[in-house]
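Novice: Would you mind keeping the following structure in view while I ask a few things?
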């Protein structure tokens with residue numbers, strides 16, 4: 001159930017055909033922007049405008065908890081004194097950019113804790129569902145949960161972060177009928193009730209993936225975070241065609257059948273990714289007013305002139321004014337079906353036919369570099385993983401076509417967050433860019449490296465195997481495309497990725513002509529804000 | 001005959017050092033080396049032969065000399081004026097069909113000292129205690145002694161104990177590498193614990209590549225990491241047996257990956273069992289200390305210059321630091337491998353001592369042929385273009401080269417530099 005006009009969209013998405021009067025198109029370019037004049041006849045796919053948010057999110061959350069979907073009882077009926085309650089929540093990779101306080105997870109968890117207090121539940125533990133992501137810092141936890149929850153739980157050790165390498169606190173629940181191991185956080189799996197609090201920014205998120213991935217170990221994750229799964233997920237953003245989705249669902253059902261009682265709470269946000277100071281980002285170029293142009297010019301000039309580190313810091317401080325558009329609670333699959341409807345309703349844009357060339361501007365931020373550096377591997381993952389796969393039906397670019405990405409792609413890594421990425425870049429990509437080959441030859445040594453495990457468990461590092469997963473995310477695109485070109489990237493970093501480098505969009509189009517001929521069709525993905533292309 | 005001669009001239013050495021410090025390379029009007037017309041040296045006694053130089057390499061120690069960077073340690077064990085060049089392939093004047101390479105150390109045998117010192121008696125000629133005694137002027141090697149001449153001339157004299165007959169299957173280009181490769185073999189065998197261990201080689205010039213090839217063929221470490229500044233060096237290292245190659249800034253990370261050790265404050269808690277420092281600079285020794293494990297061994301194979309190095313890790317981690325100089329008779333149990341790469345018996349020829357040991361040169365001949373080390377020779381120059389040759393050698397890494405040699409018998413060639421056919425093709429391959 002939802003309160004308010006859940007997920008009601010503003011103006012729908014749009015496919016604009018570029019003509020001579022079309023103003024230049026804004027491309028994200030890392031911490032900055034570029035204006036590109038696309039060839040006449042190109043198509044620009046714009047996302048729908050932000051959906052109308054719920055008028056009373058607090059009431060909507062409480063209503064969802066008491067009116068669950070599927071065969072679940074209301075939350076209040078599931079809570080009793082003396083029980084063990086675990087509340088797991090999505091980590092800092094969601095939403096993007098991080099939202100202005102209060103974070104929606106804080107709002108939901110406060111409501112759940114109120115219910116637990118009313119029922120006299122004392123044994124409550126919070127778990128950040130990290131999977132193999134990095135641990136959150138105290139500041140990040142405070143931002144996600146709010147000071148009140150943090151101060152109530154952290155000092156007593158009841159605010160935890162999932163540790164996929166803490167073998168004493170993992171439990172093997174069995175294997176699916178495909179032989180997939182399901183190994184989970186023991187506290188979560190053995191609690192009387194596991195409440196999972198999700199933010200569903202894209203259609204890959206949520207559902208059984210929340211628990212089956214977020215609270216799992218490497219032993220479990222390797223069954224779907226691999227090249228085979230990613231190549232056979234077309235796309236991994238489309239649940240109906242995603243092998244990643246199917247594997248998580250098999251695991252989720254095994255978890256359910258093993259007796260783990262899950263109360264799933266999923267939320268959707270309105271797509272207002274950037275604050276009013278960056279209002280031009282939420283508008284289409286030909287609708288920019290004088291203020292938008294002035295803001296754009298000011299932002300671009302400042303970002304271009306700032307030292308890269310300062311520009312990065314400035315952009316990383318961006319907090320989105322996201323607002324809640326829906327909240328669903330109850331049984332996992334029923335909840336997720338409704339959530340996916342809302343997400344696709346908010347993000348779907350129908351596009352007729354594929355193009356020879358797909359262009360995209362890549363931002364400073366992806367799920368794995370919040371408060372950090374967008375290293376070259378993450379650039380590849382954002383473009384060829386997330387954006388390329390933002391489709392239903394078929395890719396925006398044809399088989400054998402070309403993707404042109406705009407990003408500075410600096411040869412820069414965060415040694416605290418991404419230590420194994422540095423070695424991956426130096427050791428693995430120098431030998432192969434073939435996902436299957438690196439999986440066979442290198443994955444295990446990185447996954448079991450005691451130093452990476454130590455940093456993952458005690459610091460704020462992504463797990464040693466994580467860069468492999470990011471590269472697997474690109475596997476479908478690499479399998480599908482004839483070439484990948486990066487505009488404005490650091491040449492040696494781009495070359496290390498196995499891509500081609502171009503100084504300007506014109507140069508990139510010239511290079512692309514070797515692959516797709518001299519009169520190609522071109523589609524530009526104008527995102528973020530996010531969209532899902534329904535390609536027919 | 002034409003010869004390149006180094007004379008004792010402190011102003012010239014000071015000027016050369018200044019040029020080197022300023023990154024100007026060797027040469028110039030004030031260089032301590034000059035091209036001169038000299039008489040061929042006379043054999044100083046029985047058992048000595050006049051050797052006509054075919055090719056003579058430019059070694060790092062030669063460059064250090066002409067750039068004024070050599071340690072003053074050498075002052076009492078060299079004699080001026082001398083003709084440099086100790087990497088030599090030539091033919092004995094009395095038998096032009098007989099090609100020989102020079103075992104450059106001037107040990108007791110060549111100095112007419114009998115009985116020999118304990119080191120020479122045991123086949124460790126590199127450790128000879130008589131290098132400034134006997135019938136010859138001081139000189140640790142041919143190429144640093146005023147009596148013998150050196151390879152950077154049309155001819156030199158050599159004692160029969162210094163000469164090794166070149167196997168027919170080796171070309172001149174390959175044979176000129178026998179001396180530096182023998183040094184590489186000797187260094188590789190200096191740390192028996194390298195067998196089946198994790199080994200790092202710091203530096204991939206001629207010495208580093210020779211050590212790499214020798215380790216791969218004669219020692220068989222479990223894992224061999226080579227740190228090389230230049231891309232062509234990294235490619236060559238892979239061809240010669242390196243399991244992992246990295247740029248010099250990536251050595252610590254690479255050794256960490258291979259050894260799966262932890263780091264504390266950016267320092268490895270473990271590290272490689274054996275590290276071969278094939279550069280000999282403060283930086284390379286610092287790098288070696290950073291990647292060697294506690295109680296591990298560093299073999300200093302590159303000729304060092306005076307350097308400031310923090311030896312605290314050597315003390316705190318009980319690291320062994322061992323020098324590896326020249327050559328001699330090696331432990332024969334570290335046998336050659338047969339052509340299919342499997343461990344095999346000892347090599348052919350008479351390079352053995354009859355007591356289970358084998359000459360470094362014999363092993364070097366085998367290694368040069370088996371590993372195709374002739375490809376390391378990148379260019380050859382006539383003596384009258386010595387400034388270009390020395391500049392090329394001094395910047396070999398940056399210019400995609402490895403070993404530069406003189407060809408004293410060659411006439412002056414156009415400024416592009418003369419490369420032997422095999423050198424040209426191998427340079428391209430490299």
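Novice: Could you please let me know if residue B:32 is at pLDDT below 90 and touching a strand residue (DSSP E or B) at 6+ places or on another chain (Cβ under 7 Å)?
Specialist: Working: at pLDDT below 90: yes; touching a strand residue (DSSP E or B) at 6+ places or on another chain (Cβ under 7 Å): yes.
Here the answer is yes, as residue B:32 does meet what is asked.
Novice: Return the only residue of B:66, B:51 being in contact with a strand residue (DSSP E or B) (Cβ under 6 Å, 6 or more places away or on another chain), touching a residue at least 12 places away in the same chain (Cβ under 8 Å), assigned by TED's automatic domain parsing to the domain that holds residue B:104 and under 13 Å from residue B:149 (Cα atoms).
Specialist: Result of the check over B:66, B:51: B:51.
Novice: Further question: Do we have residue A:116 as surrounded by 21 or more Cβ atoms within 10 Å (Cβ to Cβ), without any contact (Cβ under 8 Å) to a residue 60 or more places away in the chain and at negative phi here? Steps first, please.
Specialist: Details: surrounded by 21 or more Cβ atoms within 10 Å (Cβ to Cβ): yes; without any contact (Cβ under 8 Å) to a residue 60 or more places away in the chain: yes; at negative phi: yes.
When the stated conditions are applied, residue A:116 passes them.
Novice: Moving on. Residues that are within 11 Å of chain A (Cβ to nearest Cβ): which helices (runs of 4 or more DSSP H) entirely in segment B:220-303 hold 1 or more of them? Lay out the reasoning, then the answer.
Specialist: Values: elements: B:231-239, B:251-259, B:282-291.
The helices (runs of 4 or more DSSP H) meeting that bar are B:231-239, B:251-259.
Novice: Take segment B:3-17 and flag every residue that is out of contact with any helix residue (DSSP H, G or I) (no Cβ under 7 Å at 6 or more places or on another chain) and in a helix (DSSP H, G or I).
Specialist: Correct list: B:10, B:11, B:12, B:13, B:14, B:15, B:17.
Novice: May I ask you to say which residue of B:301, B:272 is buried (at least 23 other Cβ atoms within 10 Å of the Cβ), over 29 Å from residue A:457 (Cβ atoms), in contact with a helix residue (DSSP H, G or I) (Cβ under 9 Å, 6 or more places away or on another chain) and assigned by TED's automatic domain parsing to the domain that holds residue B:206?
Specialist: Exactly one of B:301, B:272 is buried (at least 23 other Cβ atoms within 10 Å of the Cβ), over 29 Å from residue A:457 (Cβ atoms), in contact with a helix residue (DSSP H, G or I) (Cβ under 9 Å, 6 or more places away or on another chain) and assigned by TED's automatic domain parsing to the domain that holds residue B:206, namely B:301.
For every residue, the table says whether it meets (1) surrounded by fewer than 24 Cβ atoms within 10 Å (Cβ to Cβ); (2) out of contact with any helix residue (DSSP H, G or I) (no Cβ under 7 Å at 6 or more places or on another chain).
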position	(1), (2)
A:168	yes, yes
A:193	yes, no
A:205	no, yes
A:218	yes, no
A:223	yes, no
A:232	yes, no
A:235	no, no
A:242	no, yes
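Novice: Name every residue in segment A:125-136 that is more than 25 Å from residue A:469 (Cβ to Cβ) and surrounded by 22 or more Cβ atoms within 10 Å (Cβ to Cβ), in order of residue number.
Specialist: A:126, the sole residue that qualifies.
Novice: Can you say whether residue A:479 is assigned to a helix (DSSP H, G or I) and out of contact with any strand residue (DSSP E or B) (no Cβ under 8 Å at 6 or more places or on another chain), as far as the supplied structure shows? Spell out how you get there, then give the answer.
Specialist: Details: assigned to a helix (DSSP H, G or I): yes; out of contact with any strand residue (DSSP E or B) (no Cβ under 8 Å at 6 or more places or on another chain): yes.
For residue A:479, the condition - assigned to a helix (DSSP H, G or I) and out of contact with any strand residue (DSSP E or B) (no Cβ under 8 Å at 6 or more places or on another chain) - is met.
Novice: For segment B:21-63, give me each residue that is under 26 Å from residue B:204 (Cβ atoms) and crowded, with 19+ Cβ neighbours inside 10 Å.
Specialist: Those that are under 26 Å from residue B:204 (Cβ atoms) and crowded, with 19+ Cβ neighbours inside 10 Å: B:25, B:26, B:27, B:55, B:56, B:57, B:58, B:59, B:60, B:61, B:62, B:63.
Novice: Could you check residue B:217 against (1) part of a loop (DSSP other than H, G, I, E, B); (2) crowded, with 20+ Cβ neighbours inside 10 Å; (3) more than 14 Å from every other protein chain (Cβ to nearest Cβ) and say which number it fails?
Specialist: (1)
Novice: Same structure, new question: Which of the residues belonging to segment A:319-344 are over 17 Å from the mean Cα position of the chain (by Cα), surrounded by fewer than 21 Cβ atoms within 10 Å (Cβ to Cβ) and more than 15 Å from residue A:67 (Cα to Cα)?
Specialist: A:321, A:323, A:333, A:337, A:341
Novice: Collect the residues in segment A:121-154 that are assigned to a helix (DSSP H, G or I), touching a residue at least 24 places away in the same chain (Cβ under 8 Å) and either closer than 10 Å to residue A:91 by Cβ or not assigned by TED's automatic domain parsing to the domain that holds residue A:85 (or both), keeping them in residue-number order.
Specialist: Listed by number, the residues that qualify are A:140, A:144.
Novice: Could I ask something else about it? Considering only segment A:1-19, how many residues are at pLDDT 95 or above and either in a loop (DSSP other than H, G, I, E, B) or in contact with a helix residue (DSSP H, G or I) (Cβ under 7 Å, 6 or more places away or on another chain) (or both)? Full working, then the answer.
Specialist: Going through segment A:1-19, the residues at pLDDT 95 or above turn out to be A:15-19.
Now drop any that are not either in a loop (DSSP other than H, G, I, E, B) or in contact with a helix residue (DSSP H, G or I) (Cβ under 7 Å, 6 or more places away or on another chain) (or both), which leaves A:18-19.
Residues that pass the stated criteria total 2.
Novice: Which is in contact with a helix residue (DSSP H, G or I) (Cβ under 7 Å, 6 or more places away or on another chain) and in contact (Cβ under 8 Å) with a residue 12 or more places away in the chain, of A:396, A:362?
Specialist: Going through A:396, A:362 in turn, the sole match is A:362.
Novice: Here is a further query. Looking at B:237, B:242, B:254, B:272, can you tell me which residue is farther than 21 Å from residue B:289 by Cα and in contact with a strand residue (DSSP E or B) (Cβ under 6 Å, 6 or more places away or on another chain)?
Specialist: Values: B:242 fails: farther than 21 Å from residue B:289 by Cα; B:254 fails: farther than 21 Å from residue B:289 by Cα; B:272 fails: farther than 21 Å from residue B:289 by Cα.
Answer to the check: B:237.
Novice: Right, next: Could you run through segment A:446-471 and say how many residues are within 27 Å of residue A:232 (Cα to Cα), within 11 Å of another protein chain (Cβ to nearest Cβ) and either in contact with a strand residue (DSSP E or B) (Cβ under 8 Å, 6 or more places away or on another chain) or buried (at least 17 other Cβ atoms within 10 Å of the Cβ) (or both)?
Specialist: 2
Novice: Here is a further query. Counting only residues that are at pLDDT 50 or above and either assigned to a loop (DSSP other than H, G, I, E, B) or in contact with a helix residue (DSSP H, G or I) (Cβ under 8 Å, 6 or more places away or on another chain) (or both), how many does segment B:310-348 have? Let's see the steps before the verdict.
Specialist: Filtering segment B:310-348 for residues at pLDDT 50 or above gives B:310-334.
From the residues that got through so far, the ones that are either assigned to a loop (DSSP other than H, G, I, E, B) or in contact with a helix residue (DSSP H, G or I) (Cβ under 8 Å, 6 or more places away or on another chain) (or both) too are B:310-311, B:313-314, B:317-319, B:321, B:324-334.
The qualifying residues number 19.
Novice: Right, another one. Do we have residue B:104 as in contact (Cβ under 8 Å) with a residue 40 or more places away in the chain and assigned by TED's automatic domain parsing to the domain that holds residue B:37 here?
Specialist: Here the answer is yes, as residue B:104 does meet what is asked.
Novice: Taking only segment A:482-496 into account, find how many residues are free of Cβ contacts under 8 Å to residues at least 24 places away in the same chain and either within 14 Å of chain B (Cβ to nearest Cβ) or outside any helix (DSSP H, G or I) (or both). Break it down stepwise before answering.
Specialist: Step one: list which residues in segment A:482-496 are free of Cβ contacts under 8 Å to residues at least 24 places away in the same chain, which gives A:491, A:495.
Still in the list and also either within 14 Å of chain B (Cβ to nearest Cβ) or outside any helix (DSSP H, G or I) (or both): A:495.
Final tally of qualifying residues: 1.
Novice: How many residues are surrounded by 21 or more Cβ atoms within 10 Å (Cβ to Cβ) and over 19 Å from the mean Cα position of the chain (by Cα) when one looks only at segment B:159-188?
Specialist: Counting residues in segment B:159-188 that are surrounded by 21 or more Cβ atoms within 10 Å (Cβ to Cβ) and over 19 Å from the mean Cα position of the chain (by Cα) gives 1.
Novice: Enumerate the helices (runs of 4 or more DSSP H) found wholly within segment A:165-240, keeping only those where 1 or more residues are modelled with pLDDT of 95 or more and more than 30 Å from residue A:527 (Cα to Cα).
Specialist: A:186-189, A:218-221
The values are calculated or read from the model by the stated rules, or taken from the named source; none is laboratory data. Just so it is clear, the model here is predicted, and its values are computed rather than measured. Note: ideal-geometry Cβ built from the backbone for every residue, glycine included; neighbour counts use all protein chains shown.
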